[in-house]
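Working notes, structure below.
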Amino acid sequence: MLRFPPTAATIQESIDARTKLIHRLELKVRNLDLERQRPTQEWYKLAAEREALRTLLLPSHRLPAEILSQIFVAVHHANWRDSRQVNALCRVCKLWRNIAIGTHQLWSNLELGYSHVYKCKIHNISRWFERSGSLPRRLILGGLYGRCSTDHATGSDCHMVEKTAVATLLTQGPTLDTLNLQEIPPDCFQELAKHMKEHQTPLVIRPWDSLKSLTISVSLRHLQDPPPLKQFLLHLPSVPSLHLSGLYHEEEQIQLLPTHPSVLGNLTTLSLRHLPLLCILALLPLCKNLEDLTLSPMDFYENTTANIAHYLVHLPSVRVLRLNHLAYETVAALPKLLRTPALVDLSVSFENGDDFNSPLDSDEDDEEEKPVTDHRTEMVTGLVSFIQQSKATVRRLLLRKLKISSRGLERLLSYMPSVTDLVLISVTMVNTLFRPVKYVAPDVKYHVQLLPRLYSLRLCYMPDHFPYEEVCDFFIHRATSSPNIGRLKVLRLETDPETAEGYDSITWGDLRRAVLKLSRLGVDAFVCSAY
């Protein structure tokens, strides 16, 4: 029988039959793969659901919303300038986001760099502050130095005002309570303040108009001729709280100050940093309504002493006075500078200088006194005279970075018996101010005479090996031997890490025994590390 070769039709039929068979097998393999993957997918799904259910058992998810809100505030308080931290809290989960949005304290402060003002839209800033509720709103604009290339001497439009979003933000943005302008050139601020004043619209409250506190940190780098101080003051907005830093001016400009600028007359809080002392003394008489004053003058020169006699300033309403980074000579001259009869809160912080490198091996009454000891004696005398001549009743006293003999500090505190709250930070003495009983003469009522109304005492960053237990013994003896004298109620000892670690690890150490005895007498005594 003859065999003929297959025709094209036959071959095509064979191809089609095998194609259908391959397709059926592919579907079968695909179905088998899906069946094989289905348990794996189900496993992943159940595992994810299990982890989600486990998170519901975590304490952080079972805490009341009020507790979580307080935790958010505590975490944010340590680094409130970083807005990314708030955004991170909102991205954890829906619960945390809702709680964070409802926590007003997280949204009351915002710091923006110069570049952020360009990138961030004003309505986003408004949304941020809307979540702060009724809390005061504070906006910090930093990095302003070097952002303006305008030659103001030629009368050109200021780049800070015309080509940036700063002026727009202060015009169209949300209402503000506090504005902080960091490292802004004085010419740029003058143009900015002038622009805001000229474009003021009746019945429209702008962020600039709603300010209650203004902080200006002026940058004078590479600036040969700063603007006159008179023009700078006249363009300031009318705010009750003003903080100026770095605005240096020569002495001859002081006589050109305005006599009655309303912006200074309305101030109740004033802070002046890095200004010449004579310039500060010329400004203070214009601030008749001050209640809170902070001064950090520039270096006090000996040739300044002859020029301060006619600068005695009377501030009848000042209740809080902070003197920061002062030399002993400046404090010694206080009786010639200020009178504050209403003063109740006094803080004095001394600068680090040669005085801190000198030994304290003698008291001020030694016959052979060293020059630095003379400065300490004059400082104590000047501070005492300032309190006495002001007829002030100081109730809270803070001393920082003071190096003095214990006798000098005793003499200082003996003239302030009204003090109820005493804070000593980095105060170096030969002996502890609070002497143990065995070193006191029997006929001297030392424990009664020193700080008879003291209610609260805080010691922080004291020298190494400071005898904290002797401080406790002092008040134990006072409480037991003089029950009619006001007793200490709060004692906070912020010690070095070694002392704090020993207090926590040694059950019956001298300090722990003394603190325990004080606690039994009704004193809220607390020991912790200051670092």
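The values are calculated or read from the model by the stated rules, or taken from the named source; none is laboratory data. Quick caveat: nothing in here was measured; it's all calculated off a predicted structure. Every residue, glycine among them, receives a Cβ derived from its backbone with ideal geometry; neighbour counts consider all protein chains shown. Only protein heavy atoms, including side chains, enter the accessible area calculation; ligands, DNA and RNA are left aside. Shrake-Rupley method; radii C 1.70, N 1.55, O 1.52, S 1.80 Å.
Scanning the stretch 453-473 for residues that are among the aromatic types (Phe, Trp, Tyr) and over 13 Å from Leu511 (Cα atoms) yields Tyr455, Tyr461. Taken over the stretch 308-326, residues that are exposed (fewer than 13 other Cβ atoms within 10 Å of the Cβ) and at pLDDT below 85 amount to 2.
Looking at Tyr446, Tyr461, Tyr415, Tyr531 in this structure, which one is open to solvent by 30 Å² or more (accessible area, probe 1.4 Å), modelled with pLDDT under 75 and hydroxyl-bearing (Ser, Thr, Tyr)? Checking each option against the conditions leaves just Tyr531. Among the residues making up the stretch 160-179, a single one is in contact with an Asp or Glu (Cβ under 8 Å, 6 or more places away or on another chain), open to solvent by 10 Å² or more (accessible area, probe 1.4 Å) and either outside the structural domain of Ile140 (by the TED database) or closer than 22 Å to Ser245 by Cα (or both): Val161.
Conditions tested, residue by residue: (1) loosely packed, with under 15 Cβ neighbours inside 10 Å; (2) on the phi > 0 side of the Ramachandran plot; (3) modelled with pLDDT of 90 or more.
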site	(1), (2), (3)
Asn352	yes, no, no
Asp366	yes, no, no
Glu378	no, no, no
Leu383	no, no, yes
Thr393	yes, no, yes
Arg411	no, no, no
Val423	no, no, yes
Val440	yes, no, no
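Within the span defined as the stretch 74-86, one or more residues are assigned to a helix (DSSP H, G or I), under 30 Å from Trp107 (Cα atoms), modelled with pLDDT of 85 or more and not hydroxyl-bearing (Ser, Thr, Tyr). Kindly provide the set of residues from the stretch 51-85 that are among the small types (Gly, Ala, Ser) and under 14 Å from Arg97 (Cα atoms), ordered by number. Answer for the stretch 51-85, where residues must be among the small types (Gly, Ala, Ser) and under 14 Å from Arg97 (Cα atoms): Ser60, Ala65, Ser69. Only one of the listed residues (Leu284, Leu211, Leu293, Leu233) is assigned to a helix (DSSP H, G or I) and at pLDDT 85 or above. That residue is Leu284.
No other residue among Leu112, Leu106, Leu95, Leu89 is over 23 Å from Asp177 (Cα atoms) and either open to solvent by less than 50 Å² (accessible area, probe 1.4 Å) or of a type in the set (Lys, Arg) (or both) apart from Leu89. Condition check for Trp80 on (1) closer than 30 Å to Leu179 by Cα; (2) of a type outside the set (Asp, Glu); (3) open to solvent by 80 Å² or more (accessible area, probe 1.4 Å): one failure, at (3). Cβ separations smaller than 6 Å between residues 6+ apart or across chains give the following pairs from the stretch 110-139 residues that are within 19 Å of Leu214 (Cβ to Cβ) to residues that are charged (D, E, K, R) and modelled with pLDDT of 85 or more: Phe129/Arg137; Pro136/Asp177; Arg137/Asp177.
Name the single residue that is modelled with the highest pLDDT among those in the stretch 474-520 being more than 21 Å from Arg453 (Cα to Cα) and among the polar types (S, T, N, Q). Filtering first and then ranking leaves Thr495.
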